[in-house]
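Dumping the structure here so I can ask a few things about it.
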Amino acid sequence: MKITNTQKGPRGVNAVSGPVLIEPNETVEIDVYAREKDHLEASRWFEIEGSYKDDPEAAAAPTQVTLTNSDGKDGVYIPASEFNAMRQGFEQQASDISTLRGENDDLKRQLAERDADLAKLRSVSGGASSAYTVKETSPGWFGIFEGEKQIGKNMREGDAEAFKGMSPEEQKAYLAE
């Protein structure tokens, strides 16, 4: 068949041999399967002369048969091999979900343990919290603040995180240096 690109830019066509790029006003002679007909004609990008090739995949595809069972409901016939493949896929998904639920339960348990440890640490330190806050003063630089007043020099993020992890006593000793 002959296909002419009627557009101002290049356009592609899915030919039997694979994708073909057709330049503006260029005519090519290629074979195209019938399954491409609706797409090519709907695009209005081409002038088409000739006939499409029969689609071997359409002939090889199993036909679906609509059945009506004893209660009058329609159904679709699915070959046993396809049905079994779907069943195996569902069983694998169910197994994966079960595994993920177990992992989620483990993470929840670990989080509860860490929360309990944190509560113990707070009770040992008397629930004291730091009078200092760490804020970013400029991109990549952090400062230690007491209220609204910055105390100490600016520091990088790693040092700021280390400071936040110190106990109130360690923070006071660090600032006294």
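Using the structure shown, list the pairs from Lys135/Lys172; Lys8/Lys37; Lys149/Lys172; Lys8/Lys53; Lys120/Lys172 with a Cα-Cα distance above 26 Å, or answer none.
On the way: Lys135/Lys172 17 Å; Lys8/Lys37 22 Å; Lys149/Lys172 16 Å; Lys8/Lys53 28 Å; Lys120/Lys172 22 Å.
Violating the 26 Å limit, Cα to Cα: Lys8/Lys53.
What aspartates and glutamates sit close enough to Lys164 to cross-link, taking a C-alpha to C-alpha distance under 15 Å and skipping anything fewer than 8 places away on the same chain?
Of all the aspartates and glutamates, those that pass the test against Lys164 - Cα under 15 Å, at least 8 places apart if same chain - are Glu136, Glu146.
Additional query: Quote the charge dipole size of segment 2-58 about the Cα centre in Debye, to the nearest 20; the model charges only the Cβ of Lys and Arg (+1) and of Asp and Glu (-1).
It comes to approximately 220 debye.
Oh, and also: Need one word for segment 132-176: rounded, prolate or oblate. Basis is the Cα gyration tensor (sqrt eigenvalues a ≥ b ≥ c); a/c below 1.5 gives rounded, then a/b vs b/c decides. Write out the running numbers ahead of the final one.
Numbers: a/c = 1.99, a/b = 1.33, b/c = 1.50.
Note, shape of segment 132-176 comes out oblate.
Tally Lys and Arg at +1 and Asp and Glu at -1 over the other residues with C-beta under 15 Å from the C-beta of Tyr33: what net charge comes out?
Once all neighbours under 15 Å are counted, the net charge is -4.
Counting Lys and Arg as +1 and Asp and Glu as -1, what is the net charge of the other residues whose Cβ lies under 12 Å from the Cβ of Ala176?
Result for the neighbourhood of Ala176: -2.
Test of the criteria: in segment 1-37, which trypsin sites (Lys or Arg not before Pro) are in a DSSP loop and have at most 14 other Cβ atoms within 10 angstrom of their Cβ? Mind dumping the intermediate values first?
Numbers: sites: Lys2, Lys8, Arg11, Arg35, Lys37; in loops: Lys8.
Sites meeting the loop and neighbour criteria: Lys8.
For the pair Glu113 and Asn25, how long in nm is the line joining their label points, each one 7 Å along Cα→Cβ?
7.6 nm
Let me ask another. Using 0.36 nm per residue, how much length does the chain from Ser17 to Asp105 gain when fully extended, once their Cα-Cα distance is taken away?
Stretched fully, the Ser17-Asp105 segment lengthens by 26.4 nm.
In addition: Once the Cβ-Cβ distance between Tyr33 and Ser95 is put in as r, and R0 is 30 Å, what FRET efficiency do you end up with, to the nearest 0.05?
Once the sixth-power term is evaluated, E becomes 0.15.
Any read-out appearing in this document is the output of simple, stated calculations on the displayed coordinates, not a laboratory observation. Note that this is a predicted model, so its numbers are computed, not measured. All Cβ positions, glycine included, derive from the backbone under ideal geometry; neighbour counts span all protein chains shown.
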